[in-house]
Amino acid sequence: MGNLIRVLTRDIDNNAGNFFLDFENAQPSESETAMWEKVNQVLTEAQVILEDLQTYRGAGEEIRQAIQHPNAEAVQEKAWSAVVPLVAKLKTFYEFSQKLESSLQCLLDVLTSSSSTPTQHLESKQALARQFAHILHFTLRFDELKMTNPAIQNDFSYYRRTISRMRINNLEVNNELANRMSLFYANATPMLKTLSDATSKFVSDNPDVPIENTTDCLSTMACVCKVMLETPEYRSRFTSEETVLFCLRVMVGVIILYDHVHPAGAFVKTSNIDMKGCIRVLKEQQPSSVEGLLNALRFVDAQHDENKQKQTFLQMSHSEGFLSFFLSQCFSESEGFFIFLI
């Protein structure tokens, strides 16, 4: 309870994050090397995952033919042969999300330790902060590609229907694994959901680490990105426009993680993140390059409002004035009748 009160009443440090974080060239110190190499293996694989996802074409035509000709054995076999290797690829993506989760928690363990402030950690451990940023960049990029490729859901749905109907055994992706994968891919942003849950799990699994260590690390990273993007002196040090988009994705990613972990969320006046400033920076970019990022924030804000409304409803349900409040909300003067939602 003490940690919760401290988080909710913390003052915003307006000077936090006012430094240049070298997302392009930061290299690990001797003390960081072991961790850096471990995470770097995962990030190297991340590039392969993105390339495979970008080239994922699906088996839409084969599946359509199989549905239209349910009794043609050759057509059914062709569709099955097309879908199986694609589902194996989806399995690889799913398993990689678990590696990403582990890497994120390892980095959080270092960047949230009580030995230094979040700003000191990020400034002195720039190579690890850079890897943390790369994980967020990969996550948002993966989810962007997944959301624009309906073939993924179509292929996997056909696969599940087929193994359920034909009762096929000895599969690389059996029913149990398929069910877990289904939960993963059913989410609009599966990788971001994985990281959000991993961050929450890190907080709950480490009660000795004050929760504000994690939230301050995330808010400081968001501030660093915002300051670098809006400060000509810092922005001129980027050698590529790709770094600008990278920085924008990282900023949005840490905002979403912060919103997921902080008890009050990111979209409140007392938030340690300058949300108005971050959104202003986003809107100053080419609309086509940030539309997905703005939508991600709108989706999170909508979820936060919905959860807040649910919490208010539950709190009021235990108050004496709940009945009058409920009736006033349910009664429609224009229609002249009560509407009850069961």
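The values are calculated or read from the model by the stated rules, or taken from the named source; none is laboratory data. Keep in mind the model is a prediction, meaning the values are calculated, not measured. Cβ coordinates were reconstructed from backbone atoms using ideal geometry, including for glycine residues, and neighbour counts include every protein chain displayed. Remember, those area values only see protein heavy atoms, side chains included, never the ligands or the DNA or RNA. Shrake-Rupley method; radii C 1.70, N 1.55, O 1.52, S 1.80 Å.
Tell me, which residue of segment 206-221 that is open to solvent by 10 Å² or more (accessible area, probe 1.4 Å) and free of Cβ contacts under 8 Å to residues at least 60 places away in the same chain is nearest to the chain's Cα centre (by Cα)?
Out of the qualifying residues, it is Pro207.
Please go through segment 262-277 and pick out each residue that is touching a residue at least 60 places away in the same chain (Cβ under 8 Å) and either surrounded by fewer than 18 Cβ atoms within 10 Å (Cβ to Cβ) or not in a loop (DSSP other than H, G, I, E, B) (or both).
Matches in segment 262-277: Pro263, Ala264, Thr270.
When you scan segment 121-128, do you find a residue that is out of contact with any His (no Cβ under 8 Å at 6 or more places or on another chain) and free of Cβ contacts under 8 Å to residues at least 40 places away in the same chain, even just one?
So far as segment 121-128 goes, yes, one or more of its residues are out of contact with any His (no Cβ under 8 Å at 6 or more places or on another chain) and free of Cβ contacts under 8 Å to residues at least 40 places away in the same chain.
Might you check whether a residue that is outside any helix (DSSP H, G or I) and either more than 30 Å from Lys91 (Cβ to Cβ) or among the basic types (Lys, Arg) (or both) occurs anywhere in segment 191-206? Please lay out each step first, then the result.
Residues of segment 191-206 that are outside any helix (DSSP H, G or I), as a first pass: 206.
So of that shortlist, the ones also either more than 30 Å from Lys91 (Cβ to Cβ) or among the basic types (Lys, Arg) (or both) come out as 206.
Yes, that holds for at least one residue.
In segment 46-66, which residues are assigned to a loop (DSSP other than H, G, I, E, B) and open to solvent by 70 Å² or more (accessible area, probe 1.4 Å)?
Hits for segment 46-66 are Thr55, Arg57.
So, of the residues in segment 176-203 that are among the polar types (S, T, N, Q) and more than 24 Å from Met251 (Cα to Cα), which turns out to be surrounded by the most Cβ atoms within 10 Å (Cβ to Cβ)?
This residue is Ser182.
Exactly one condition in (1) modelled with pLDDT of 55 or more; (2) among the charged types (D, E, K, R); (3) open to solvent by 70 Å² or more (accessible area, probe 1.4 Å); (4) part of a helix (DSSP H, G or I) is not met by Asp259; state its number.
(3)
State the number of residues belonging to segment 71-83 that are of a type outside the set (Gly, Ala, Ser) and either surrounded by 13 or more Cβ atoms within 10 Å (Cβ to Cβ) or touching a residue at least 40 places away in the same chain (Cβ under 8 Å) (or both).
Selection size over segment 71-83: 5.
Which residue out of Ser200, Ser196, Ser236 is of a type in the set (Gly, Ala, Ser) and within 23 Å of Asn149 (Cβ to Cβ)?
Ser196
Asn175 - would you say it is free of Cβ contacts under 8 Å to residues at least 24 places away in the same chain and not basic (Lys, Arg)?
Against the criterion (free of Cβ contacts under 8 Å to residues at least 24 places away in the same chain and not basic (Lys, Arg)), Asn175 qualifies.
Does Ser103 satisfy the criteria of being in contact (Cβ under 8 Å) with a residue 12 or more places away in the chain and surrounded by fewer than 15 Cβ atoms within 10 Å (Cβ to Cβ)?
So Ser103 does not fit the description; no.
Using the structure shown, decide if Val227 is in a helix (DSSP H, G or I), at negative phi and surrounded by 15 or more Cβ atoms within 10 Å (Cβ to Cβ). Quick ask: steps written out before the conclusion?
Working: in a helix (DSSP H, G or I): yes; at negative phi: yes; surrounded by 15 or more Cβ atoms within 10 Å (Cβ to Cβ): yes.
For Val227, the condition - in a helix (DSSP H, G or I), at negative phi and surrounded by 15 or more Cβ atoms within 10 Å (Cβ to Cβ) - is met.
Please identify the pairs in which a residue from segment 41-70 that is farther than 24 Å from Thr162 by Cα has its Cβ atom under 7 Å from the Cβ atom of a residue that is of a type in the set (A, V, I, L, M) and in a helix (DSSP H, G or I), counting only partners at least 6 apart or on another chain.
These pairs meet every condition: Val42/Leu100; Gln54/Leu145.
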